[in-house]
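Notes for the one structure printed next.
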Amino acid sequence: MKLLKDKVFIRITKNSRDGIFSKEITRDDGSTVRLWTNVEAMENDDRRATLFVQTGIVEAVADNIVDINVGDTAIIDYKLSNMDDHIVYKDGDDIIYWLDAKTTYHQEDLIAYASRRSPRDQVAYLKGDYDTLSMLLGVIRDNRIFPREPYVFLEHESNVVAKVGKAGILYTETLSHYQRKVLASPRESQEKYGINPGNSLLVHDYDVFMVKLENRQLECICDADAMGEFMSSLG
């Protein structure tokens, strides 16, 4: 099958899905057993939003997408594995989903001008605003992460810090603004904003989201949401 436009097929395996609900533990005698920690959510269950897979295998790629290879590990938006309308087909116990590999932007402003019903102009969107955000955050190849525009991957740390008050009482504070080291950034983000690996970004907690890989956690942000950058040479 030849994919059209910006389409990519992603295979989510049964093992990946099972990892949401169970984990393998080793007993004292060295034997292993699978421990079930959750149960699958039904279609109308609110828990579906909390049970998701964030990695898959690139199954097929449209010809115009030159920087993604079949067999790459895809880092995907958490919503994809719960979007039944994005299922292409099922292959045994595996499920193949489709997504658009490129983020698109509005090419012109759209303004609803004042009228009898609305006394002021209202901006629907401006040229350069996101039209559709791709659900493909990046790919992993040869143990390297290659982010897709506009996603920037950051080092994960807790934003809850311990502090000592004037009376000597220890307490914790959740930071709303903090610095994060850039682990990987797409070429477009480097050229447009100067966001380079090794530097640190000033970010707001509201704009950062977690990415769960098989053996680690990362943080991610859209490049335009970063508030500032600290060069690595400044420490």
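Against the condition under 28 Å from Leu80 (Cβ atoms), hydroxyl-bearing (Ser, Thr, Tyr), free of Cβ contacts under 8 Å to residues at least 60 places away in the same chain and not assigned by TED's automatic domain parsing to the domain that holds Val61, how does Tyr125 come out, does it pass? Yes; evaluated as a whole, the condition is true for this residue.
Residue check: is Asp207 within 22 Å of Thr104 (Cα to Cα) and in contact with a Ser or Thr (Cβ under 9 Å, 6 or more places away or on another chain)? In short, no.
Matching residues to (1) over 30 Å from Thr104 (Cβ atoms); (2) among the hydrophobic types (A, V, I, L, M, F, W, C):
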{"site": "Glu149", "(1), (2)": "no, no"}
{"site": "Ser158", "(1), (2)": "yes, no"}
{"site": "Lys163", "(1), (2)": "yes, no"}
{"site": "Ala167", "(1), (2)": "yes, yes"}
{"site": "Thr172", "(1), (2)": "yes, no"}
{"site": "Ser176", "(1), (2)": "yes, no"}
{"site": "Lys181", "(1), (2)": "no, no"}
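Any residue at all in region 166-180 that is touching a residue at least 60 places away in the same chain (Cβ under 8 Å), in a strand (DSSP E or B) and within 21 Å of Glu219 (Cα to Cα)? Checked region 166-180: no residue is touching a residue at least 60 places away in the same chain (Cβ under 8 Å), in a strand (DSSP E or B) and within 21 Å of Glu219 (Cα to Cα). In the set Ala224, Ala162, only one residue is in a helix (DSSP H, G or I) and of a type in the set (A, V, I, L, M, F, W, C); that residue is Ala224.
The single residue among Glu155, Glu188, Glu214, Glu149 that is acidic (Asp, Glu), under 29 Å from Thr73 (Cα atoms), surrounded by 14 or more Cβ atoms within 10 Å (Cβ to Cβ) and in contact (Cβ under 8 Å) with a residue 40 or more places away in the chain turns out to be Glu149.
The values are calculated or read from the model by the stated rules, or taken from the named source; none is laboratory data. Here the structure is a predicted model, which means the values were calculated and not measured. We place every Cβ from the backbone using ideal geometry, glycine too, and count neighbours over all the protein chains shown.
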